[in-house]
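Below is one structure, written out as structure tokens; the observations come after it.
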Amino acid sequence: MKIVIAGGGTGGHLYPGIAIAEKLKDKGIELLFMVSNRGIEKRILTPLGYKFIEQEETPLKGVSFGRRIKSVGKIIENIKIAMNNVEKSDKVLLLGGFASFSAGIAGMMKSAEIYIHEQNSVMGLSNRFFAKRAKKVFTSFEKTLRAPENSIVVGNPVRSVFALSKSKISPEKNILVVGGSQGSRFLNNLIISAAEELISNGFDIMHQTGERLYDEVIEAYKNSGIDTNRLNIVRYIDDIASAYNWADLVLSRAGSGSVFEIIYSRRFGIFVPFPDATDNHQYYNALFAKAKGVGVVIEEKDAKKEVFIKAVNDYYENFDKYRENIEKITYVDSAELILREMEMEYV
């Protein structure tokens, strides 16, 4: 018996699987990740030593007829690969996205136990497809839209390092910018527009641009004449827990993984949800942090420099209030809850 963890394409789909795998890594349990070939999974999983299978992307929407035909062929190919790697005795955990589809089909055809974890506040298409066939469905949020009524709320698994995070005793004027694992051009442009004013007011900025957007961000800062000595501009942050620990507040998109990591890092979030996310789920993810008083939500249509800087200033002017809210956050070991529900006695 092994655990097949399927999903990927973004860190939001991958990191919950890693958090679960952490619990089993030294327990003699065989683990297999089935992920996308976008590159981020390979970059993250290789140094961790986990076995993984990459799958080519299979877009069916917004592409030409010929590309859809090619995608269907790739889906069939991915299913064949999954059939060769999933056994009846396995437990298959689906984390959503196209990278989970082939493992779900193979699990069904092999009569393996299928489990689902939905990270976001609106259940995605792939997870909805397999929900009726799953032994158990787990959700991050209490009111996850389109999830089965018998879903089990467990929160979003984050890596164990976040359980050790402590709130800031006093602010240090440190701002972290993250646009998800692939970066966000919109957030990049927003922080570039505000950087000069923030730096002149004593702020330090750490800016994760995303791999493909790094060069254009560097060029934009140069063209703006901004002193980059107080900027730490990086393509991707491998040790994101340390970056959160450095920051006072975080400007971020609102994927579920980002929301939970920021909350459990005991940091304040300024969330600008990606408006084109399926069913606008990032907006509802961000409302979770807002409801707890540990974040604000700025919709993209309203996210101008002045609005962002006002939100930054509000945090520092009301630091004690927000710190009190942050310290009320209770870390939930979602990975352990999931494994217990999966009847894994090894935890």
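Tabulated data
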quantity: Sequence of R68, R185 from largest to smallest accessible area, 1.4 Å probe; calculated: R185, R68
quantity: Given charges at beta-carbon only (K, R positive; D, E negative), |dipole| of the chain in Debye; calculated: 960 debye
quantity: Other-chain or far-sequence residues with amide H under 5 Å of T139's (modelled H); calculated: E118, I152, V153, V154, G155
quantity: Simple Cβ-charge dipole of the stretch 213-311, Lys/Arg +1 and Asp/Glu -1, about Cα centre, in debye nearest 20; calculated: 420 debye
quantity: Largest to smallest accessible area among D227, D204 [probe 1.4 Å]; calculated: D227, D204
quantity: Estimated dipole of the stretch 122-162 in Debye, rounded to 20 [Cβ of Lys and Arg +1, of Asp and Glu -1, Cα centre]; calculated: 200 debye
quantity: Label point 7 Å beyond Cα of V63 along Cβ direction - residues of the stretch 1-30 with amide nitrogen under 20 Å; calculated: 7-11, 13
quantity: With DNA, RNA and ligands ignored, accessible area of L60 (1.4 Å probe; Å², nearest 10); calculated: 80 Å²
quantity: Shape call, the stretch 1-159: gyration tensor on alpha carbons, a/c limit 1.5; calculated: rounded
quantity: Residue with peak Gaussian network fluctuation, the chain [Cα springs, cutoff 10 Å], from P273, P47, P157; calculated: P47
quantity: Rounded to the nearest 10 Å², the accessible area of V161 at probe 1.4 Å; calculated: 70 Å²
quantity: Accessible area of E77 in the full protein assembly, 1.4 Å probe (Å², nearest 10); calculated: 90 Å²
quantity: Between helix 185-200 and the chain: long-axis angle, C-alpha atoms, 0 to 90°, nearest 10; calculated: 30 degrees
quantity: Sequence of T139, T278 when ordered by accessible area, the most exposed leading, probe 1.4 angstrom; calculated: T278, T139
quantity: Principal-axis tilt of helix 214-224 within the chain, Cα atoms, nearest 10 degrees; calculated: 10 degrees
quantity: Sulfur and carbon atoms: percent of accessible area, the chain [1.4 Å]; calculated: 49 percent
quantity: Listed residues A254, S121, S89: farthest to the positive end of the dipole of the chain (Cβ charges); calculated: S89
quantity: Rounded to whole Hz, the Karplus (6.51, -1.76, 1.60) HN-Hα couplings of the stretch 141-148, x for glycine and proline; calculated: 10, 5, 10, 6, 5, 6, 8, x
quantity: Nearest-ten-degree value, helix 305-317 long axis tilted from longest Cα axis of the chain; calculated: 80 degrees
quantity: Under Karplus coefficients 6.51, -1.76 and 1.60, residue-wise ³J(HN,Hα) of the stretch 113-125 in Hz, glycine/proline x; calculated: 6, 10, 10, 10, 10, 9, 6, 8, 7, 10, 5, x, 4
quantity: Length added when fully stretched, I76-Y316, from 0.36 nm per residue minus Cα-Cα; calculated: 81.1 nm
quantity: Theoretical FRET efficiency, 1/(1+(r/R0)^6), r = Cβ-Cβ of N232 and T278, R0 22 Å, to 0.05; calculated: 0.10
quantity: Options T58, M34, I44, ranked by Cα towards positive dipole end of the stretch 33-90, top entry (Cβ charges); calculated: T58
quantity: Gain in span if fully extended, S89 to A291, counting 0.36 nm per residue against the direct Cα distance; calculated: 68.5 nm
quantity: Other-chain or far-sequence residues with amide H under 5 Å of F33's (modelled H); calculated: I5, K51, F52, I53
quantity: Probe 1.4 Å, protein heavy atoms only - accessible area per residue of the chain in square angstrom; calculated: 45 Å²
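The values are calculated or read from the model by the stated rules, or taken from the named source; none is laboratory data. Small disclaimer: the values here were computed from a predicted structure and weren't measured. Glycine gets a Cβ as well: all are built from the backbone with ideal geometry, and neighbour counts include every protein chain shown. With ligands, DNA and RNA removed, areas are computed over all heavy atoms of the protein, side chains included. Shrake-Rupley method; radii C 1.70, N 1.55, O 1.52, S 1.80 Å.
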